[in-house]
Amino acid sequence: MGRRPIYLDYNATTPCDPRVVEAMLPYFTEQYGNAASADHRYGWQAKQAVEDAREQVARLISARPQDLVFTSGATESINLALKGIAEANAGRDSHIVTCKTEHKAVLDTCAYLETKGCRVTYLEVDRQGRIDIKALEASIGDDTICIALMYANNETGVIHPVKLIGAIARKHGVPFLCDATQAVGKIPVHAGADAIDLLVCSAHKLYGPKGIGALVVRNAELRAHVLPQQHGGDHEGGLRSGTLNIPGIVGFGKAAELCRYEMAAAATAMQQLRDRLEYRLRNNVPHVMVNGHADRLPHVSNLLLPRGDAEQLLLSLSPYLALSRGSACSGLVRRPSHVLKAMGLSDGEASRTIRISLGRFTGAEEVDEAADRLAHAVLEAETVAD
């Protein structure tokens, strides 16, 4: 076998850090108890491991451990929060405020709730992917039951003014649901200080295992207004029943702990590498543009190429580079990115866009090679087209 392609799709998923794998292994083979087994040591050890991990994840996002509910991932957390709030408000007019550039987990859940009679406002964004705060506040009414806006966009890395959104939500007494999946572990996220009522995150975006995530529900009063979507055992305070994924939870906790200590240095290093890649590429290929270059995550670069088809380009580069056109959750459906379309790009421009996302294990030599290979492929595509 030849050398593996350089991985530059960290927004889709991150490799499990070896230190995370090491922490998980005993919970597959030695400490394999069920955390709900209250009558013996195996169960006690499992329960303690869960509570330790709960505290580790809570510390990373400045939340209270007792407010954190483990789920299978961000999509389940979003469904639980939105459907749980909507069902708690069944029988009266219900309105949700969200944005056209949200992840499909939010948009598809909102579309489902519309079929149940819920009214949804989809906020517009400008060319940089930013919402209009005045439009957000103007959209809130007496029937608004939730504001659902992400922390940072999964395709462009654009960061919303979360603290301001939280303040507006508190002012109007409306719960603020924030999908912070791409932000947690990459930049500081403070659930309390940002006035986030319901926060969503997922382990596999921060060097932890797949299949485990969390929903933070700010307090017991709010928790009473989120109805469970899964029944059968009263686990996680009755909000999410089911046998807990102990190895996954332990891995999530370890990944969160590592991010808490290493995040600042990693963010600086990744931003330097990202800027280096963009500079090198733009020096070799004129007219490359960055979509959403305003306030964005330090490791994300969404690039509009001057010519060619992104899908064909990435296929030609696949032996060498692992890149994407956008969200992995939309990868099976070949249509223009809804994020880029909402930002005002045409279908043609969206088809010429690629997403590069760096990570903890990305090196400078890999970035230079990626920029050079990408530039060569774009210029070759231009030559063929001419």
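Worth a mention:
- Residues within region 347-370 that are touching a Leu at 6+ places or on another chain (Cβ under 9 Å), of a type outside the set (K, R) and under 22 Å from G308 (Cβ atoms), tallied: 10
- Among the residues of region 231-254, just one is more than 18 Å from A46 (Cβ to Cβ) and either in contact (Cβ under 8 Å) with a residue 24 or more places away in the chain or buried (at least 24 other Cβ atoms within 10 Å of the Cβ) (or both), namely L239.
- Check on E51, in contact (Cβ under 8 Å) with a residue 12 or more places away in the chain, surrounded by fewer than 21 Cβ atoms within 10 Å (Cβ to Cβ) and not polar (S, T, N, Q): yes
- Matching residues, region 179-200, being in contact (Cβ under 8 Å) with a residue 40 or more places away in the chain, closer than 14 Å to H160 by Cβ and part of a loop (DSSP other than H, G, I, E, B): A180, T181, Q182, A183, V189
- Whichever residue in region 66-79 is out of contact with any strand residue (DSSP E or B) (no Cβ under 6 Å at 6 or more places or on another chain) and of a type outside the set (G, A, S) and, among such residues, is nearest to N154 (Cα to Cα): T75
- Any hit, region 320-342, residues being modelled with pLDDT of 95 or more, farther than 22 Å from V158 by Cβ and hydrophobic (A, V, I, L, M, F, W, C): yes
- Taking region 1-15 as the range and being in contact (Cβ under 8 Å) with a residue 60 or more places away in the chain and farther than 17 Å from G363 by Cα as the test, the residues that pass are G2, A12, T13.
- Scanning region 105-136 for residues that are among the acidic types (D, E) and in contact (Cβ under 8 Å) with a residue 60 or more places away in the chain yields a total of 2.
- Just one of the listed residues (L297, L317) is buried (at least 18 other Cβ atoms within 10 Å of the Cβ) and within 15 Å of N11 (Cα to Cα), and it is L297.
- Hits in region 137-175 - residues which are in a loop (DSSP other than H, G, I, E, B), in contact (Cβ under 8 Å) with a residue 24 or more places away in the chain and of a type in the set (G, A, S): G141, G157
- Restricting attention to region 51-66 and to residues that are part of a loop (DSSP other than H, G, I, E, B) and of a type outside the set (G, A, S), the residue that is farthest from A35 (Cα to Cα) turns out to be I61.
- Looking across region 224-243, not a single residue is closer than 15 Å to A88 by Cα and among the basic types (K, R).
- Residue in region 93-104 that is polar (S, T, N, Q), without any contact (Cβ under 8 Å) to a residue 12 or more places away in the chain and either outside any helix (DSSP H, G or I) or surrounded by fewer than 17 Cβ atoms within 10 Å (Cβ to Cβ) (or both) present: no
Quick grid of which residues meet (1) within 19 Å of the chain's Cα centre (by Cα); (2) closer than 20 Å to G363 by Cβ; (3) of a type outside the set (F, W, Y); (4) in the same structural domain as F361 (by TED's automatic domain parsing):
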site	(1), (2), (3), (4)
V250	no, no, yes, no
G253	yes, no, yes, no
L281	no, yes, yes, yes
H299	yes, yes, yes, yes
N302	yes, no, yes, yes
G308	no, no, yes, yes
Q312	no, no, yes, yes
L321	no, yes, yes, yes
R325	yes, no, yes, yes
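- When we screen L68, L113 for residues that are among the hydrophobic types (A, V, I, L, M, F, W, C), in the same structural domain as G238 (by TED's automatic domain parsing), more than 30 Å from I246 (Cα to Cα) and more than 16 Å from the chain's Cα centre (by Cα), the only hit is L113.
- Top-ranked residue in region 172-198 [being aliphatic (A, V, I, L, M) and under 10 Å from the mean Cα position of the chain (by Cα); ranked as surrounded by the most Cβ atoms within 10 Å (Cβ to Cβ)]: V184
- Evaluation of C201 against the conditions (1) farther than 28 Å from N291 by Cβ; (2) out of contact with any Phe, Trp or Tyr (no Cβ under 8 Å at 6 or more places or on another chain); (3) crowded, with 24+ Cβ neighbours inside 10 Å shows that the sole unmet condition is (1).
- Each residue in region 8-52 was checked for being under 24 Å from the mean Cα position of the chain (by Cα) and either closer than 30 Å to S324 by Cβ or assigned by TED's automatic domain parsing to the domain that holds L321 (or both), and 16 pass.
The values are calculated or read from the model by the stated rules, or taken from the named source; none is laboratory data. It should be emphasised that the depicted structure is a prediction, and the values quoted were computed from it without experimental measurement. No Cβ is skipped: glycine too gets one built from the backbone with ideal geometry, and neighbour counts run over all protein chains shown.
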